[in-house]
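The values are calculated or read from the model by the stated rules, or taken from the named source; none is laboratory data. In this text the structure is predicted, and so the values were computed from the model without any measurement. Cβ placement follows ideal geometry from the backbone for every residue including glycine, while neighbour counts extend to all protein chains displayed. Surface accessibility is based on the protein's heavy atoms, side chains included, excluding ligands, DNA and RNA. Shrake-Rupley method; radii C 1.70, N 1.55, O 1.52, S 1.80 Å.
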Amino acid sequence: MKLSDFDFELPEQLIATRPAVPRSASRLLVATPDTLADKTVTDLGDYLRAGDVLVLNDTKVIPARLFGHRARDGNLSKMEVTLLSPTVDGAWRALVKPLRKVRDGEVITFAAGLEAEVISRADGQATMVFNREGQAFDDALAEAGQMPLPPYIAAKRAADAQDKTDYQTVFAKTTGAVAAPTASLHFDEALLAKLAAKGVEFAHVTLHVGAGTFLPVKVDDVKTHKMHAEWGNVSAEAAKIIATAKAEGRRVIPVGTTALRLIESAATGAGQIAPWQGETDIFIYPGFEFKVADGLMTNFHLPKSTLMMLISALMGQERVMEIYKHAIDTQYRFFSYGDSSLLLP
């Protein structure tokens, strides 16, 4: 299994830089092993049954990108900081540009009275402690920070105030992600109500999506790739909803690869799942045996990415290439703000 097996040519103009309005107006490509149907997300209920469980990732994206300055000997240097993840003792791991221009013990000053002291640097990252905690930190970050848009959007335009709404799901609750679970961005309150009225159930789980989701695969033999770890939680309530559905022969369909990776991490056997909390670095590629997921709603992914490998494990690599050829030929919009697909193996 080579990296080139998951490559394709994507026209630049198909990379979406803004989402559809309303959210549920995005296109939806419904794919089975034998059929393809061009729909919109508002049609999702036509392909779901009463009793199906949609697994939703309720992680909340923080405005993790900060611009500030470091003062030394009367001189100011501009600094860009992207928060990656909190540490157990309340500090933050972060990317700092330019890292070579800051020393341990120096303070970077941002807007809204927010300051961070650099306490260590290693492996191209810094660990820093902020001068605010709890709600005071959240409030200052909301004022000073920008949404950490994916590199392929940030290269085309700067983040703005609209992204603070657009790059957040309507059911976001648990703060900690630095990237959105993008398949969930297609849901609005009207669609959720419509699905609930049909008898679709929802299980809410949390996986804090990290910046590592955008890291490229650098090995030719994909089986040797090492995944980044992300913190997740499957509550007792969510595990019960999912386990009951599996026991009763009802389908469990995660919304997004993050939700899928999390419930497969929490699986204890075929059709079985238990409450779970911790870091997962599960890597799903062709040959993987799914224990819980019966399908997947997901956006269209980067060539040669681990997400292409995941959906190839679900649908088959040749079928995925057919699906993506159709999506490109019919001008679906790609990546985080793009259109979506419903994959039913």
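Quick look at the values:
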item: Leading residue at positive end of dipole, the chain (Cβ point charges), from Asn75, Leu296, Val102; result: Asn75
item: Theoretical gain in end-to-end length, Arg157 to Thr244 [0.36 nm per residue, Cα-Cα removed]; result: 26.8 nm
item: Residue among Asp221, Asp123, Asp188 with the largest mean-square fluctuation in a Gaussian network model of the chain, springs linking Cα atoms under 10 Å; result: Asp123
item: Electrostatic dipole magnitude of region 6-140 [Cβ: Lys, Arg +1; Asp, Glu -1; Cα centre; debye, to 20]; result: 540
item: Answer label for Cα Rg over 2.2 N^0.38 Å (calculated), chosen among (i) 1.31; (ii) 0.97; (iii) 1.01; result: (iii)
item: Per-peptide average of other Cβ atoms within 10 Å, ordering 46-54, 98-106 highest first; result: 46-54, 98-106
item: Helical mean residue ellipticity (222 nm; -39500 (n - 2.57) per DSSP H run of 4+; nearest 500) of the chain; result: -6000 deg cm²/dmol
item: Average accessible area per residue (Å²) across the chain - probe 1.4 Å, nucleic acids and ligands excluded; result: 44
item: Förster radius 35 Å - calculated FRET efficiency between Asp38 and Thr174 (Cβ-Cβ, nearest 0.05); result: 0.55
item: Cross-link pairs beyond the 22 Å C-alpha cut-off, checked among Lys60/Lys291; Lys39/Lys198; Lys101/Lys304; Lys39/Lys291; result: Lys60/Lys291; Lys101/Lys304; Lys39/Lys291
item: The chain: antiparallel DSSP beta bridges as a percent of all, rounded to 5; result: 75
item: Cα-projected label distance for Gln135 with Met1, points at 7 Å along beta-carbon direction, nm; result: 4.8
item: Solvent-accessible area, 1.4 Å probe, carbon plus sulfur percent, for the chain; result: 50
item: Potential lengthening between Glu106 and Thr268 on full extension [0.36 nm per residue; Cα-Cα distance subtracted]; result: 53.6 nm
item: The chain: most fluctuating residue of Phe300, Phe171, Phe137 per GNM, C-alpha cutoff 10 Å; result: Phe137
item: Unit charges on C-beta of K, R, D, E only; dipole of the chain, Debye; result: 360
item: Dipole magnitude of region 93-135 about its Cα centre (Cβ charges: Lys, Arg +1; Asp, Glu -1), debye to nearest 20; result: 220
